[in-house]
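The values are calculated or read from the model by the stated rules, or taken from the named source; none is laboratory data. It should be emphasised that the depicted structure is a prediction, and the values quoted were computed from it without experimental measurement. Positions of Cβ are generated from backbone atoms using ideal geometry, with glycine treated the same way; all protein chains shown enter the neighbour counts.
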Amino acid sequence: MFLGFDSSTQSLSAIVLDADQNKIIAEASVNFGKDLPHYSAPSGFIPGGSSGEVHADPMMWIEALDLVLGKLSAQIDLSKVTMIAGSGQQHGSVYVNESFDSIIANLDPSSSLKAQLSASLTRSTSPIWMDTSTGQECKEIASAVGGNAEVCARSGSVMIERFTGSQIRKFSKQNPSAYAATSRVHLVSSFIASVLAGKSLPIDFGDGAGMNLLNLKDLTWDKDLVNATASNLTEKLLPTASCLKPQATIGSYFIEKYGFSKNCQVCPFTGDNPASLVGMGATTPGQVVISLGTSDTFFAAMAEPKTDPQGFGHVFGNPAGGFMSLICFRNGSLAREALRDELGVDWSAFDQDALSSSKSSAGKNLTLPFYGPEITPRHDFEKPVTEFSEPRTDAISIRSLLEGQFLNMRLHSQWMGIAPQRILLTGGASKNNGIAQIVADVFQAPVERLEVANSAALGAALIAATAAGNNLVNLQSIFCKPSPDSRILPETSLASAYATALDAFKRLLQTQI
Ligand code: ADP
Ligand code: XUL
């Protein structure tokens, strides 16, 4: 059996698959907001951060790990799991002191992970991908290495506020003594993997590429970028490795508490987007995935790194080899939720029936769909900007917001040069047929969803099975099947309305940024 974890923005989930029976045999998840309300993070992060700061408590992720393993061990005999892999929300960083490695090597199963690990943090909260507070540090690092074009040529992205490098620099400037006491900077992914393994594990190439520190040519830390980021950083960084190469056997805490076998191995964890590429069966070039989670992302495998001339897109490692391109939109599900709550409706107002009533309004009412700072394009929006040609109804407002989200996505993915023949849709909002229809219409391509909704956790379980010697392509043909009734075809009569709307959207956007 193979176990895959996904520690995302709002939840930790786990999938166990049995490659002999070709099926998923257990699933469990913990929602940070609902199941761990004492962290006061209803959407997985601490609300109200100043100057664009968005942090989360790493102990929340750790407490969730104990909870999810408790749920899984009540369902199945975990001693049959031979390999564990996982993924984490990308870019988030965890700062630990010297005691971390000895604490995780000697965890006491009669106590909780949280009680034992909190003393090892040098920074009580972790900056996560939603943080936009490091503009100054981005400028400083870029100018030290010769500008953003150079940073992008080396790392696959220009300096990005949410990426880990500028976050490390900010911490080293703001709190030099706590930075000096930091012996390791982990990513969310490597932190959780290390706790499971009882020793600090390497950082996976796929996720490591989201730090602005990895040189894509040789997949190792770029000395100049590391030196420009913070002093003595080289010694605080873990080595890099592939998420397909197991690094350790599971720690004794998990053997004694949850019944794992002492032979169960642990792979380095990757990022949620690279894992999702695997779980969607999209690791070979030619397919496009749109993930509608807390963030919306648009990504595709590519053989060679191709960078975005506008600087919004990124190159990450593809767990199956090669690379993936990705564009991330910060105003994803939380923007859809904001409009839902503003109108006092529920998700049924976003359903196909509700939205088809406003089909004649397609492309006529523009919304720049940003309820807060956006990263694609980069701008400190405070509320949506609208240009409506018709009176507002709930259906028209919802249609316009969704159209705005996907027009923005279409506009900012043009540099990839992919005309999608089919779009694979995943993430929490992908089950909504109304939203899926607008995706199909705006991109004028059929949309498919897979039988398994949680593509990152599935991808992690497939990575575990592959690391144990199974063939990934075979596994994907079994586990990554489109669900037969999930296909949504584009309304071809709307093609010209959306071509016109794309130009109008671009013009409206240019008046604001
Ligand atoms: P993440 O992996 O980033 O933690 P998920 O992929 O689990 O997030 O997606 C969670 C989001 O999915 C929620 O914030 C919610 O807004 C959205 N969602 C869930 N159900 C629906 C639905 N029926 N229609 C639209 N959005 C939904
Ligand atoms: C990608 C990004 C987000 C996070 C959280 O660059 O910032 O997609 O990985 O899902």
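Here are the numbers for the structure shown:
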read-out: Among the residues listed as 295, 276, the single one being within 17 Å of the chain's Cα centre (by Cα), at pLDDT 95 or above and within 16 Å of ligand 1 (Cβ to nearest atom); value: 276
read-out: Test result for residue 218, over 30 Å from residue 481 (Cα atoms), more than 16 Å from ligand 1 (Cβ to nearest atom) and either modelled with pLDDT under 95 or of a type in the set (D, E, K, R) (or both); value: yes
read-out: Residue match in region 378-401 (condition: in contact with a Lys or Arg (Cβ under 8 Å, 6 or more places away or on another chain), part of a helix (DSSP H, G or I) and within 28 Å of residue 50 (Cα to Cα)); value: yes
read-out: Candidate set from region 372-385 (those that are under 23 Å from residue 314 (Cβ atoms) and either more than 16 Å from ligand 2 (Cβ to nearest atom) or among the acidic types (Asp, Glu) (or both)); member that is surrounded by the fewest Cβ atoms within 10 Å (Cβ to Cβ); value: 380
read-out: Given (1) in a helix (DSSP H, G or I); (2) surrounded by fewer than 22 Cβ atoms within 10 Å (Cβ to Cβ), number of the condition residue 407 does not satisfy; value: (2)
read-out: Spans of helices (runs of 4 or more DSSP H) in region 137-199 with at least 3 residues more than 22 Å from the chain's Cα centre (by Cα) and over 13 Å from residue 211 (Cβ atoms); value: 148-155, 164-174, 176-180
read-out: Restricting region 2-26 to residues that are within 16 Å of residue 453 (Cα to Cα) and of a type in the set (Gly, Ala, Ser), the residue that is farthest from ligand 2 (Cβ to nearest atom); value: 26
read-out: Residues (of a type in the set (Gly, Ala, Ser), farther than 21 Å from residue 374 by Cβ and either in contact with a Leu (Cβ under 7 Å, 6 or more places away or on another chain) or within 16 Å of ligand 2 (Cβ to nearest atom) (or both)) located in region 315-348; value: 317, 320
read-out: Any hit, region 199-206, residues being surrounded by fewer than 24 Cβ atoms within 10 Å (Cβ to Cβ), in contact (Cβ under 8 Å) with a residue 60 or more places away in the chain and out of contact with any Lys or Arg (no Cβ under 8 Å at 6 or more places or on another chain); value: yes
read-out: Any chance residue 400 is buried (at least 24 other Cβ atoms within 10 Å of the Cβ) and in contact (Cβ under 8 Å) with a residue 40 or more places away in the chain; value: no
read-out: Selection from region 269-294 of residues that are of a type outside the set (A, V, I, L, M) and more than 26 Å from residue 202 (Cα to Cα); value: 285, 286, 287, 291, 293, 294
read-out: Output for region 291-314, where each listed residue is assigned to a loop (DSSP other than H, G, I, E, B) and more than 14 Å from ligand 2 (Cβ to nearest atom); value: 303, 304, 305, 306, 307, 309, 310
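Per-residue answers, yes or no, for (1) of a type in the set (D, E, K, R); (2) within 16 Å of ligand 1 (Cβ to nearest atom):
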| site | (1), (2) |
| --- | --- |
| 318 | no, no |
| 328 | no, yes |
| 345 | no, yes |
| 355 | no, yes |
| 362 | no, no |
| 372 | no, yes |
| 378 | yes, no |
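This table checks each residue for (1) more than 16 Å from ligand 1 (Cβ to nearest atom); (2) part of a loop (DSSP other than H, G, I, E, B); (3) assigned by TED's automatic domain parsing to the domain that holds residue 87.
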{"residue": "232", "(1), (2), (3)": "yes, yes, yes"}
{"residue": "235", "(1), (2), (3)": "yes, no, yes"}
{"residue": "238", "(1), (2), (3)": "yes, yes, yes"}
{"residue": "244", "(1), (2), (3)": "yes, yes, yes"}
{"residue": "255", "(1), (2), (3)": "yes, no, yes"}
{"residue": "261", "(1), (2), (3)": "yes, yes, yes"}
{"residue": "268", "(1), (2), (3)": "yes, yes, yes"}
{"residue": "286", "(1), (2), (3)": "yes, yes, no"}
